[in-house]
1. Would you mind classifying the range 67-114 by shape? Square roots of the alpha carbon gyration tensor eigenvalues, ordered a ≥ b ≥ c; an a/c under 1.5 is rounded, otherwise it is prolate if a/b is larger than b/c and oblate if not.
2. Going by average Cβ neighbours within 10 Å, how do the peptides 42-49, 168-175 rank, with the highest at the top?
3. What whole-number distance in Å separates the alpha-carbon centres of the range 167-205 and the range 52-74?
4. Output the peptides 12-21, 194-203, 121-130 sorted from most to least packed, where packing is the average of other Cβ atoms within 10 Å over each peptide's residues.
5. Per the Kirkwood formula on distinct C-alpha pairs, the Rh of the range 51-200 is how many angstrom?
6. Which residue, Q89, Q75, Q29, tops the fluctuation ranking in a GNM of the chain built on C-alpha contacts under 10 Å?
7. By how many nm would the segment from Q6 to A152 lengthen if fully extended, with 0.36 nm per residue of separation less the alpha-carbon distance?
8. With each run of n ≥ 4 DSSP H residues scored as -39500 (n - 2.57), what mean residue ellipticity at 222 nm is computed for the chain after dividing by its residue count and rounding to the nearest 500 deg cm²/dmol?
Amino acid sequence: MTDRRQYAPATQRNREAIAAVLQEYLPPQGSILEIASGTGEHACFFAPLFSPRWWITSDPDPLCRESILAWQEHQGLASLQPPLDLNVQSSPWPVEAEILPEPITAMMAINLIHISPWESCLGLLNGAERILPAGGRLYLYGPYRQDGVTTAPSNEAFDQSLRSRNPAWGLRQLEDVIEAAKKRNLHNQAVIAMPANNLSVIFQKGSGKNLH
């Protein structure tokens, strides 16, 4: 039988550093919705760490969803949910029509908003505004441009590579993302430097009980 699992080398390099930040900022209960889960390797690494919280995967690419299912079957993880066919630019999202074992209290997206149009970033923020409860968290990971901070040569080359593949892609200005999130009642809680010139950016929804 053909192994449908896909492999992304970057997952092995960044998953432990990301997990350390998630341990600090994810709410202690509820479900975690991962947007653009890709190969599913991150989900398989994170789900056991954050059990008994439910880990909900998603991806618009059917080949990625096959890989996520294959990883789930290989690992046998009870808290890892089958992937949803979710495009952030659509509304409503499939998860909004489902009855979940635990309500979604956190959302995350790893390496999404620079490998997609700006409308995808806005769609992600719109979904977080609709779905997250007061105090819920949104976690974003990837490279950014920042005002007053010199962009690393590797990030500059990566940005040029992305734009050559699709002019609508490219590193986002961190301040633009924070401002767009603020308009949707998502307030920046932390910006954390990560390995390989990436950032962890954490937002919290509105006012209400702080889940951290």
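1. Judged from the Cα gyration tensor, the range 67-114 comes out oblate (a/c at least 1.5, b/c at or above a/b).
2. The peptides rank, most packed first, as 42-49, 168-175.
3. 25
4. Values: 12-21: 15.2, 194-203: 18.6, 121-130: 20.5.
So the order, starting with the most tightly packed, is 121-130, 194-203, 12-21.
5. Across the range 51-200, the inverse of the average 1/r is 16.8 Å.
6. Q75
7. 49.6 nm
8. Details: 6 runs with 77 residues, N = 212.
Dividing the helical sum by the residues of the chain leaves -11500 deg cm²/dmol.
The values are calculated or read from the model by the stated rules, or taken from the named source; none is laboratory data. It should be emphasised that the depicted structure is a prediction, and the values quoted were computed from it without experimental measurement. Glycine gets a Cβ as well: all are built from the backbone with ideal geometry, and neighbour counts include every protein chain shown. Each accessible area value is taken on the protein alone, full model and side chains, heavy atoms only, with ligands, DNA and RNA left out. Shrake-Rupley method; radii C 1.70, N 1.55, O 1.52, S 1.80 Å.
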